[in-house]
1. FRET efficiency for A:Ser327 and A:Glu408, Cβ-Cβ distance as r, R0 = 51 Å, nearest 0.05?
2. Once label points are set 7 Å from the Cα along Cα→Cβ at both A:Ile362 and A:Lys502, what is their separation, rounded to one decimal in nm?
3. Measuring from label point to label point, each 7 Å out along Cα→Cβ, what is the A:Lys230 to A:Glu477 span in nm?
4. Taking 0.36 nm per residue of separation and subtracting the Cα-Cα distance, what length does fully extending A:His449 through A:Ala316 add?
5. Return the Rg/Rh ratio of the stretch A:2-202 with Cα-based radii and a Kirkwood Rh.
6. Please give, to one decimal in nm, the separation of the simple spin-label points placed at A:Glu238 and A:Thr203, each 7 Å out from Cα toward the Cβ.
7. From the backbone phi of the stretch A:41-46, what are the Karplus-calculated ³J(HN,Hα) couplings (6.51 cos²θ - 1.76 cosθ + 1.60, θ = phi - 60°) in whole Hz, Gly and Pro given as x?
8. What 222 nm value per residue comes from the helices of chain A, counting each DSSP H run with n ≥ 4 as -39,500 (n - 2.57) and dividing by all residues, nearest 500 deg cm²/dmol?
Amino acid sequence: MNRKVLKTLNEVEHWLGSFLAMETNLIIGFDTETTSLDYLTQELVGISFCFNTNSCYIDIIDNPEKEGILDFLRNFFKYKKIDMLIGHNISYDLKVLGKYNIYPHPDCKLFCTQTAAHLINENLPKNLTFLAGKYLSINLKSWNKVKMYGWHSQEFYNYGTEDAESTYKLFQIQYPLLKLQNLTDLFFNVEMPFLKVKIDLETHGILIDKEKLDELKQEMIKIISDLKIKMCEAGDIEYWVETNLMGQKEMIISFNFNSSQQLVNLITNKLNLEIKEQTDNGNPSTSEKSLKQINGQHPFIDLLLQYKKATKLSNAFVEPFHKFIDSDGRIRCSWQNTIAVTGRIICSNPNLLQLPRKNDLIEIPYEFRSCFIAPKGKKIVSMDYVGQELCWLAEVTQDQNLINTIKEGKDLHLTTAKTVFNLDIPDECLKINHPDYPMFKKKYKKQRHIGKNGINFPLIYGKSSYGIAKDFNITEEEAKRWIDSFFSLYPDVKKSIAACHKQIDETGEVTDWFGRKRRLLSDFPTETSTDISNKYRAYRQGFNFLVQSPSASQMKLAATNVKNLFDAWNKSNDNWEAKTILMIYDELVYEINEEYAEVSADFVRDEMEDCVKTSVPFTIEAGIGQNYAETKI
DNA sequence: GGCTGCGAGACTCG
DNA sequence: TCACGAGTCTCGCAGCC
């Protein structure tokens, strides 16, 4: 490898310029180094490139010619002769470069080696150090160690250059592997275009109403304190109040309500109640499900259930969210497309995919979700796929009855309930737009709940009659009857599940509608109970994958198309100023100028409904509000 | 005695 | 066999200095 360190504009122009002068289109590996991971404050330290057997590191931070070099890079990246840019976790590098207004040409293909690794084998680690070791036998140094030598050390230059080189070499190995496994379509048409949405999500973030969050924090402190006193009284637990060094009153309790061990001891020995549920290790369980079984037998239990709800909301959401708010009042979390084996994107620091919904256990002045707001003059718009996974169940199994039920616009959960429980509902009243539908939905609320949470969804997850019987406190025979009625309604679903199991037996893997693969255990010797357990687990995971995975890919495609639509409108005279701010499984949330909120929903609906050509129609539900909670009313 | 790491258990979401 | 896919918090124990 012919390595260079470039420190002057002249050297940069000469080295990169020599590539641009070539006849061929360019495929370039690159990597950026930054001062920190924090988007608002981070600075570009340097950038490295690799092309065939040539590599370089450009020293940027503290460089007197920095502006000239950045200007040159601005032109270099948008040069249309660059066919493909390769990077490991390339969205990170592009996000950093975006801060300096450096963008690739719109026609330039992206190749993220981290995403490629995830498609090639979802079960292996995806970090560059591991991949370089596995595929290239290169032992990469650790960032923390190299950083100690300083930004301008030879060690750091080598480190940066080696990353670009490894990325380029990985591409040379991964590209044929993607082709071999028929994954290039999914990679280039779904995963890579989606990275631009990921960058939008991470750079734009979502605005928080800090005052409201503070108000909710104070309210939660009061609710929890009141509950603690009531629990002490109900459980005959000693407590007293002391004034601390700051002059604040503090409640001292000789008991920890967060300790499951102490709770089990109190409930069984002092309150004399019998806990029936057990944890995986065979200990008595203090979970919500377990406590609900003995609720009503002692006032302490109801208070404890409220306490658990309140402390979870306070400790996991209201309190910690403060520290994630950036100086401009927005939260920018980290989104990842290479963790979930089903291709779903996941979110962390904080995880916005698990924002609590409205609860009916404790009374709070407003929902937590209402702290997520649109700035003045803008609105939040939320667009949901209606029953997305059940629609994919229909598409994947091609069950004509299920497809027809969806096409006719019927409520799938009520339809299942009608069949299983022989409900007296005329067929046409199962249609959501029929005037009598709301009446029947209300009348058979309980049966519909079972249809949804006891039959439809559990069967996608592979739940057995044993599990359903346990959850709904019915006999296994009755649970079996529920399942049989479901399969008599949708016989091809049953056939499809059996075919999936056969596929797993034969090949050890399944492939979804978009070509994504899930590699499960390849052989199942059946001597031990562990083997049998693993086999059935693989069956459940396999079929669930066939439904969950295309839903995730569809969301990525939809989000990408919607982003392209926004980009076009944002550049037009009617500037929408629209940005995607959240992607929550089957839901796309964006922020937009309020005058365009209504009309944009229609355009976005079209993009979401039509992004995949399926025999099953997809429908979208829209919600508009000043805050996120309002979009759900 | 205090710090750190880790597994268990519980809870959040679709 | 006994529900799929995730992240985060607290407790309590083990190991270390």
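Every read-out reported here was derived from the displayed coordinates using simple, explicitly stated rules and does not represent laboratory data. Because the structure is predicted, anything quoted here is derived from the model rather than measured. Because the Cβ atoms are built from the backbone with ideal geometry, glycine has one as well, and the counts that use them run over all protein chains shown.
1. Working: r = 52 Å, r/R0 = 1.03.
It comes to 0.45.
2. For the pair A:Ile362/A:Lys502, the computed spacing is 5.3 nm.
3. Distance between label points: 4.4 nm.
4. Between A:His449 and A:Ala316, full extension yields 45.1 nm more.
5. Numbers: Rg = 16.1 Å, Rh = 17.2 Å.
A ratio of 0.94.
6. 6.2
7. 9, 5, 10, 6, 8, x
8. Here the helix-only value at 222 nm equals -14500 deg cm²/dmol.
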